[in-house]
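One structure is given here, and the rest of the page talks about it.
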Amino acid sequence: MEKTDSIKKMSETPVNKLMLSMGIPMIISMLLQAFYNIVDSAFVSNMKEGGEAALNALTLAFPIQVLMIAVSIGTGVGTNALLSKCLGQGDSKRAAKVAGNAEFLAIMIYIVCMLFGVFGVRTYISSQTENPQITEMAVSYLRICCVVSMGITCFSVFEKLLQATGLSLYSTIAQISGALTNIILDPILIYGLLGLPELGVKGAAYATVIGQIVSSLVAVFFHFRLNKSVKNGLRYMKPSLRIIGSIYSIGLPAIIAQALMSVMTYGMNRILLAVSESMVTAYGLYYKIQQFILFAAFGLRDAITPIVSFSHGMKNRRRVKDGIKYGISYTLIIMAVGLVLLEIFAAPLARVFGLSGETERLCISAIRVISLCLVFAGLNIALQGVFQALDSGIESLVISVLRQLVLVLPVAWLFARGVRSDIDRAWLVWLTFIIAEGVSAAVGLVFMRRINKNRISLLK
């Protein structure tokens, strides 16, 4: 019944319609995540005292948040692709073990994050700043996010279990529930409304983790109540090295790709700090603003992966090719629209955060220049989703390393040296991202051509 309906939907619905029916809820889900990421920044930046310092503190904490999400989502991506493939092959027993092992991994990831929150946060923050006010704000914010991270680790896995079986609407409802909770709680806890104490950046952290817990509880409910395509039970949670290895053979490149975002952000913070704290703040804000566009591409990628993977499991070449074609086309449309919107609204977006004159100018400059790389970035994201679906994790990893490490930090460091004496030339540093995404996209197309010849063309 529901199991049959779900598999029938994945195997028979025209791919263009399937891509939209699965992709739109995922895009909405990711946009909401991006929205409440930036809402934290908007509220703390407008605190009565220390707003810009608080904004800088959130920027310094952000790489670790990205890293936690990277491991959680990467595990979910591997689960998503492997589960979809098992269902496409009709192997329901292995699909149940994949889901159970993913749930076990979510618990293990949380334990690691909690331990870092207790023992490692202060050392990490102190490596980026010597400003005592920023240090204390960042430590208090990040410690809460790590110690109470069970919401994000749990949600990341159960979200993918729903998406893998075509129930993406319910993962979106779960995401919306958490986002609304966070948005409502932010001003209440940060500013001390409704008789509650004014908690400042700690309030932003509590709002974030409570929202994540709400999302995870809703996703867990939907999975166990509605996801009849997957069998559940403690016996399926028994760790299997073979299944965990299969999950991470697909998911590890996704983890590294997301983790590289953390490394890149941390590295950029260090590079820009040598120029000015204003550049760190401006880059951190741009990074959160651009998430509205990039997260939409990530949402569509999360539809591309199960559709192409399921079709690959069926050995259906036509549906695999359609999944690639429509996935890339829709992603490029999203990125082109995003580019236009950011160019038009660069100044109003920067003014939302009540920045000082120099920081605001740098933020506008970052938006206008870095946004030019969005179409290339969208192509890279879509191709990575395709590579993950076709068991081509190495190719996905290479693209990630190029676009977020090899072609970013060395170039940014070189350009930053020329900006120290004249901060009006900050646009030189922002050019780094256009170079990195453009070269990576060219390499990705070469990989895609080879995979098409050696793998897709062999399907019936």
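This table checks each residue for (1) modelled with pLDDT under 85; (2) of a type in the set (Ser, Thr, Tyr).
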residue: Met10; (1), (2): yes, no
residue: Asn16; (1), (2): no, no
residue: Ser29; (1), (2): yes, yes
residue: Gln33; (1), (2): yes, no
residue: Glu49; (1), (2): yes, no
residue: Glu52; (1), (2): yes, no
residue: Asn56; (1), (2): yes, no
residue: Pro63; (1), (2): yes, no
Single residue of the range 330-355 satisfying the filter (open to solvent by less than 50 Å² (accessible area, probe 1.4 Å) and of a type in the set (Gly, Ala, Ser)) that is modelled with the highest pLDDT: Ala336
The listed residue being open to solvent by 10 Å² or more (accessible area, probe 1.4 Å) and without any contact (Cβ under 8 Å) to a residue 12 or more places away in the chain, out of Arg425, Arg420, Arg403: Arg425
Lone qualifier among Ile344, Ile334, Ile328 - being free of Cβ contacts under 8 Å to residues at least 40 places away in the same chain and either among the hydrophobic types (A, V, I, L, M, F, W, C) or within 29 Å of Glu277 (Cα to Cα) (or both): Ile344
Residues that are under 17 Å from the mean Cα position of the chain (by Cα), among the hydrophobic types (A, V, I, L, M, F, W, C) and within 15 Å of Ala204 (Cα to Cα), drawn from the range 59-69: Ala61, Phe62
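Can you name the residue in the range 407-421 that is part of a helix (DSSP H, G or I) and touching a helix residue (DSSP H, G or I) at 6+ places or on another chain (Cβ under 8 Å) and is also nearest to Gly267 (Cα to Cα) among such residues?
Checked the range 407-421; the qualifying residue nearest to Gly267 (Cα to Cα) is Leu409.
When you check Tyr141 against the structure, is it open to solvent by less than 20 Å² (accessible area, probe 1.4 Å) and part of a helix (DSSP H, G or I), yes or no?
yes
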The range 228-247: number of residues that are of a type outside the set (Val, Ile, Thr), buried (at least 19 other Cβ atoms within 10 Å of the Cβ) and not in a loop (DSSP other than H, G, I, E, B): 2
Sole residue being open to solvent by 30 Å² or more (accessible area, probe 1.4 Å), on the phi < 0 side of the Ramachandran plot and part of a helix (DSSP H, G or I), chosen from Arg301, Arg319, Arg270: Arg270
Residue within the range 144-161 that is out of contact with any helix residue (DSSP H, G or I) (no Cβ under 6 Å at 6 or more places or on another chain), in a loop (DSSP other than H, G, I, E, B) and open to solvent by less than 50 Å² (accessible area, probe 1.4 Å) present: no
For Leu196: the one exception among (1) of a type outside the set (D, E, K, R); (2) within 17 Å of the chain's Cα centre (by Cα); (3) surrounded by fewer than 24 Cβ atoms within 10 Å (Cβ to Cβ): (2)
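If you check Leu115, Leu67, which single one turns out to be free of Cβ contacts under 8 Å to residues at least 12 places away in the same chain and open to solvent by 10 Å² or more (accessible area, probe 1.4 Å)?
One residue alone meets the criteria, Leu115.
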Tally, over the range 37-58, of residues that are closer than 30 Å to Ala164 by Cβ and over 17 Å from the mean Cα position of the chain (by Cα): 0
The listed residue being open to solvent by 10 Å² or more (accessible area, probe 1.4 Å), among the basic types (Lys, Arg) and outside any helix (DSSP H, G or I), out of Lys93, Lys48: Lys48
Contacts under 8 angstrom Cβ, first residue in the range 432-446 being under 11 Å from Leu379 (Cα atoms), partner surrounded by 20 or more Cβ atoms within 10 Å (Cβ to Cβ) and of a type in the set (Phe, Trp, Tyr), 6 or more apart: Glu437/Phe376; Gly438/Phe376; Ser440/Phe376; Ala441/Phe376
The range 121-133, subset modelled with pLDDT of 90 or more and surrounded by 19 or more Cβ atoms within 10 Å (Cβ to Cβ), residue nearest to Ile111 (Cα to Cα): Val121
Some residue of the range 271-292 being under 30 Å from Ser92 (Cβ atoms) and not charged (D, E, K, R): no
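The values are calculated or read from the model by the stated rules, or taken from the named source; none is laboratory data. Note that this is a predicted model, so its numbers are computed, not measured. In this analysis, Cβ positions are derived from the backbone assuming ideal geometry, glycine residues included, and neighbour counts consider all displayed protein chains. In case anyone asks, the SASA skips ligands and DNA or RNA and just uses the protein heavy atoms, side chains included. Shrake-Rupley method; radii C 1.70, N 1.55, O 1.52, S 1.80 Å.
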